[in-house]
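First up is the structure itself, then whatever we jot down about it.
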Amino acid sequence: MDSIEISVQEAAALLQSSADVRLIDVREDFEREICCIKSSQQLTETLAEDMIQNWDRGQQIVFQCHHGGRSRAAAEYFIQQGFSQVRNLNGGIDAWSREIDPSLARY
C-alpha cells in the first residue's frame, strides 16, 4: 500500500460496500460526546490489546480522529504490528462532517 491515507469519500464508499471494514476512532471520550460517526468504535486500551492478540492481520481498518494526525500515528503503529489493510481517514471527522454528514457537530 503506497499511502495509508483514504479520503472521506473513499472511506464512506468502502464502509457502505463492506461490512468487514472496521472504523476505529482514536479520539477522547469528550470528543466523541460532541459527535461521532455511527459505525465507529472507540480505540480503548482493551480494544487495542484485543486487536493485537486476536484480530486477523488482514482485517480492513480505517482509523480516524479529529483532523487525521492522531489516527495516522495509530495506523502506523498497527502497520508495525503486522496489519496490512490499514488506512487513515484524511482530514478526520472534521472533513467527514463537511463532506459526508453535515449533521455532525463541528468543533
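Read-outs throughout are calculated quantities, based only on the coordinates presented, and are distinct from any laboratory measurement. Predicted, not measured: the structure shown is a model, and the values here were computed from it. Glycine also receives a Cβ, built like all others from the backbone with ideal geometry; neighbour counts cover every protein chain displayed.
A few notes on this one:
- Percentage, to the nearest whole number, of Cα pairs in region 57-106 over 12 Å apart: 60 percent
- Seen against the Cα atoms of the chain and their longest principal axis, helix 69-80 is set at about 20 degrees.
- Backbone N atoms of region 78-107 closer than 11 Å to the 7 Å Cα→Cβ label point of residue 34 belong to residues 93-94, 105-107.
- Option label - volume of the Cα convex hull per residue in Å³ computed here, alternatives [x] 93; [y] 120; [z] 167: [x]
- Computed from point charges on the beta carbon alone (+1 for Lys and Arg, -1 for Asp and Glu), the dipole magnitude for the chain about its Cα centre is near 160 Debye.
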